[in-house]
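Below: one structure, written as structure tokens.
Just so it is clear, none of the values below were taken in a lab; they were calculated from the coordinates. These figures come from a predicted structure and were not determined experimentally. Cβ coordinates were reconstructed from backbone atoms using ideal geometry, including for glycine residues, and neighbour counts include every protein chain displayed.
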Amino acid sequence: MKLIDANKLTALAAALARAGYRVVAPVEDSGVVRLKEWAEGAAIRTGAVPVNSAKDFLFPPSEIIGRWDLDGDDFMPRDVQPDAPKTVLLAVRPCDAAALALLDTVFNWDYKDDFYNARRQAVTVVPMVCTAADEQCFCTSVGGAPDATAGADAMLRPADGGTRFILEPLTDKGNALLDAAGLALAEGEAAADPPVEIARRFDVEAVTEWLSRNFESDLWPALSLACLGCGACAYACPTCHCFDIQDEATRRESVRLKNWDSCGFGLFTLHAGGHNPRPDQTARWRNRVMHKFSYIPERFALVGCTGCGRCARVCGAGMSMSEVCRLIADETKKAPTHES
């Protein structure tokens, strides 16, 4: 059994950095806990869910995917390689690791995204079993668990009342990480702490079933009324993956950018001729819910939500996806439905 004292996670991060890993971990940044690249001296904060997700380091908010030099009428393409350093995602949440199944599927569905795949291959994922949760956590409602190992290469398990961690390898990447950690880890015995209990807040199958029959339900305006269309929920979400392609140029250079986008934005489905099939926030919020709990399950046999609760924590209007899903699930107990 490989062990490390809870107050020595920074020593583990330092050992991995010396071994050539870029270490990404939850650290305090401007008063909040955020997943970011660890730097010498930064304390690793395991007591709070970071405001951002591990998605940031596999599918960055903006990246250059093409580049050309311009010389008069001549275009000279330049090689663009993915920025994919060897990385460990250390002490992330099981809900972040669980999101990788969907990201892996989407970015290899009808086209293999070389940029995503290069980073995915370079990443070792080390979630930490959750021993605490807040009112926004609902992983158990969507098939997850606070100690789920889906997507993990190794697991950090709090032990002996939170004073130590057990580091358990699950894949070849996990074994390689333990080898790289070297003397930062000790041999010994410890009793793993039980994970936090998170009650199921809704029946996800009931949500999916209701959505299949209620595209035009009168409930949608009430469910969406508070939405500001700011996109914060999509940007914090570990599974949201919509992006836009933009070209930018100067007189001498042109670049093609892949940028995060969101179905909550009014411009997301605006046609060049002026028509918008989702003309208001009700239609856009409905699409967000349908996408996660109807379209993705139908297409990929996966739920498009891991129950991390970040969308509710960052929402300026206090909207909660788990509460919306609870209200929808409760609707299945009522009689009339509205066929699409």
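In the stretch 68-175, which trypsin sites (Lys or Arg not before Pro) fall in coil by DSSP and have 13 or fewer other Cβ atoms within 10 Å?
The qualifying sites are LYS112.
Whole angstrom only: what separates the Cα centroid of the stretch 271-303 from the Cα centroid of the stretch 212-246?
Going from one Cα centre to the other spans 7 Å.
Using +1 at the Cβ of each Lys and Arg and -1 at the Cβ of each Asp and Glu in the chain, identify which of GLY31, PRO158, ALA42 lies farthest towards the dipole's positive end.
Comparing the listed Cα positions along the dipole, GLY31 ranks first.
Going by how many other Cβ atoms sit within 10 Å of their own, how do HIS271, HIS241 line up, fewest first?
HIS271, HIS241
Name every cysteine in the chain that ends up alone, with no second cysteine's Cβ under 4.7 Å, or say none.
Among the cysteines of the chain, those whose Cβ sits 4.7 Å or more from every other are CYS130, CYS137, CYS139, CYS227, CYS230, CYS242, CYS263, CYS305, CYS315, CYS325.
Around VAL255, under 9 Å between beta carbons, what's the net of Lys plus Arg minus Asp minus Glu among the other residues?
-1
Dipole of the chain, Cα-centred, from +1 at each Lys and Arg C-beta and -1 at each Asp and Glu C-beta, to the nearest 20 debye?
It comes to approximately 340 debye.
Going through the stretch 270-340, which trypsin sites (Lys or Arg not before Pro) have at most 10 other Cβ atoms within 10 Å and a DSSP loop state?
LYS333, LYS334
Toward the positive end of the charge dipole of the stretch 204-331, about the Cα centre and with charges on Cβ (Lys, Arg +1; Asp, Glu -1), which of PHE265, ALA249, MET319 goes farthest?
ALA249
Quick one: longest stretch of the chain between exposed loop GluC sites (Glu not before Pro), exposed meaning at most 14 other C-beta atoms within 10 Å and loop per DSSP?
Here the longest segment lacking exposed loop sites spans 217-338.
Could you tell me what percent of the DSSP beta bridges with both partners in the stretch 2-187 are antiparallel, to the nearest 5?
DSSP beta bridges in the stretch 2-187 are roughly 75 percent antiparallel.
To the nearest 20 Debye, how big is the dipole of the stretch 2-187 about its Cα centre, given +1 on the beta carbon of each Lys and Arg and -1 on that of each Asp and Glu?
640 debye
Can you give the longest stretch of the chain with no exposed loop site, where a site means chymotrypsin sites (Phe, Trp or Tyr not before Pro) in a DSSP loop (not H, G, I, E or B) with at most 13 other C-beta atoms within 10 Å?
It runs 216-340.
Diagonalise the Cα gyration tensor of the stretch 2-187 and give the resulting equivalent ellipsoid semi-axes, square root of 5 times each eigenvalue, largest first, whole Å.
Gyration-tensor ellipsoid for the stretch 2-187: 32, 19, 16 Å.
So which residue, out of ALA19, ALA186, ALA249, gets the largest mean-square fluctuation from a GNM of the chain using Cα contacts under 10 Å as springs?
Among ALA19, ALA186, ALA249, the largest GNM mean-square fluctuation belongs to ALA249.
Only counting other Cβ atoms within 10 Å, I'd like VAL207, VAL23, VAL324, VAL51 sorted with the fewest neighbours first.
Fewest-to-most ranking of VAL207, VAL23, VAL324, VAL51: VAL51, VAL324, VAL23, VAL207.
Along the charge dipole of the chain, Cβ charges K/R +1 and D/E -1, which of THR208, VAL123, LEU58 sits furthest on the positive end?
THR208
Using alpha carbons only, what's the Rg to Rh ratio of the chain with Rh from Kirkwood?
Over the Cα atoms of the chain, Rg/Rh equals 1.00.
Taking 0.36 nm per intervening residue step and subtracting the Cα-Cα distance, what contour gain separates GLN81 from SER30 on full extension?
Additional length available on full extension: 15.2 nm.
Using just the helices of the chain, give the 222 nm mean residue ellipticity in deg cm²/dmol: DSSP H runs with n ≥ 4 each add -39,500 (n - 2.57), and the total is spread over all residues, rounded to 500.
Rounded to the nearest 500, the figure is -7500 deg cm²/dmol.
About the Cα centre of the stretch 219-265, what is the dipole size in debye to 20, counting +1 per Lys and Arg Cβ and -1 per Asp and Glu Cβ, all else neutral?
100 debye
So which of LYS86/LYS258; LYS112/LYS292; LYS2/LYS55; LYS112/LYS173; LYS36/LYS112; LYS173/LYS292 end up more than 25 Å apart, counting from Cα to Cα?
Where the Cα-Cα span goes over 25 Å, the pairs concerned are LYS2/LYS55; LYS36/LYS112; LYS173/LYS292.
Please figure out what share of the DSSP beta bridges in the chain is antiparallel and state it in percent, rounded to the nearest 5.
Counting DSSP beta bridges with both partners in the chain, the antiparallel share is about 80 percent.
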